[in-house]
Structure formats: structure tokens, C-alpha cells
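Undergrad: Take this structure first; my questions come after.
The values are calculated or read from the model by the stated rules, or taken from the named source; none is laboratory data. Keep in mind that what you see is a predicted model, and the values were worked out from it rather than measured. To get the accessible areas, we keep the full protein, side chains included, count just its heavy atoms, and leave off ligands, DNA and RNA. Shrake-Rupley method; radii C 1.70, N 1.55, O 1.52, S 1.80 Å.
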Amino acid sequence: MITIVIFKRKKVATEAKRKIVLTKEITNSIITYAKSWHPNEGILILQGKKEKNVIRITGLIIPPFSTQGPYYSGFPVYELPFDLSYIGTIHSHPSGSNHPSLEDLNHFFGLVSLIICYPYDVQNIGAFDRNGNRMDLETECIN
Ligand SMILES: [Zn+2]
């Protein structure tokens, strides 16, 4: 006996907006990292998982072109493998504006660009797509 199942798919007229989710640990690490680089910019590669329209950030990686930070000395950056879990970057803006610059958009990597600006609190984090449009950002509660 053969059973035939027909899946009916609803067509979505417009592309659903993606949402970025940051865990408490990731948020805290980003804040600490940005503060440690102030008044310079710091940058990290985001590791994450994409499920439907939710991108969940699960890890932070020091990029190979960055100088070594105080928390990751000895990290073998020259052995960084190509990894499909690298889905974007986060960098800091000591200026006080978390909007992406033209240069940021020209060097866009992955699916999302997170920017945290001075004074580096949770509400200073912004998420942007490669066109510079703001994406929804959800940070799991921190205190
Ligand atoms: Zn920037």
C-alpha cells in the first residue's frame, strides 16, 4: 500500500522579518569586550543557528585579523577553520551611535551585523541586515 501525502504550503507574500536572539551570557560577554576596547573599536565573529526567521547567537570568536584581547590570549586564530556557523559580526562604536557606517556595510559578513555603542549597555546594542535595515533584537533578561 502506498500512502501519498500532499503538503500544502502557504505562500508568504513578503519575506518575514528576521529576529536576533542573544543569550544572557553572550550579551554580558559583548558588553565586557566592548568596554575593554574602549576608546577603540572591538570586533568579534558571531556563531549562531538560524531556524526559520530566528537567528540565535551561541558563541563569539576573535577574528584572525584582530589583535589579541585580554580574555583570549593564546587563542590559535591562525588555525580558525572555515565554519558555516559563523553568521555575522559584532563590533563596538565608541562614538555613541550604533548605526552602521558606510564602511561597515561595505565589509558586511554573514547575515547580521550587531553594533554596540558607548556606554555599552544592553539597550545600546543594535542589529542590522546587509542593507543597513534595523532587525528585531531580543536579549534574554540580564541584571
Ligand atoms: Zn562600525
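Undergrad: Explain nothing, just compute: Karplus ³J(HN,Hα) = 6.51 cos²θ - 1.76 cosθ + 1.60, θ = phi - 60°, for every residue of the range 42-53 in order, whole Hz, x for Gly and Pro.
TA: Karplus values, whole Hz, x for Gly and Pro: x, 9, 9, 8, 8, 9, x, 10, 10, 10, 6, 10.
Undergrad: Something else about it: Please compute the length gained on full extension between LYS24 and ASN133, using 0.36 nm multiplied by the number of residues separating them and subtracting their Cα-Cα distance. Write down the numbers at each step before the final one.
TA: Working: separation 109, 0.36 × 109 = 39.24 nm, distance 2.42 nm.
Difference between extended and current length: 36.8 nm.
Undergrad: Pop out the ³J(HN,Hα) list for the range 133-140 in order, Karplus 6.51 cos²θ - 1.76 cosθ + 1.60 with θ = phi - 60°, rounded to Hz; leave Gly and Pro as x.
TA: These are the phi-based 3J(HN,Hα) values: 7, 5, 9, 5, 10, 10, 10, 5 Hz.
Undergrad: Under a 1.4 Å probe, what is the accessible area of the range 25-65 per residue, stated in Å²?
TA: On the way: 2180 Å² over 41 residues.
Solvent-accessible surface per residue comes out at 53 Å².
Undergrad: Please label the shape of the range 101-143 as rounded, prolate or oblate, based on the square roots a ≥ b ≥ c of the eigenvalues of the alpha-carbon gyration tensor (a/c under 1.5 means rounded; beyond that, a/b larger than b/c means prolate, else oblate).
TA: On the way: a/c = 2.83, a/b = 1.73, b/c = 1.63.
Cα axes put the range 101-143 in the prolate bin.
Undergrad: What are the ³J(HN,Hα) values, in whole Hz, obtained from phi via the Karplus relation 6.51 cos²θ - 1.76 cosθ + 1.60 with θ = phi - 60°, for each residue of the range 86-92 in sequence order, with x given for Gly and Pro?
TA: Working through the residues one at a time gives 7, 10, x, 9, 10, 9, 9 Hz.
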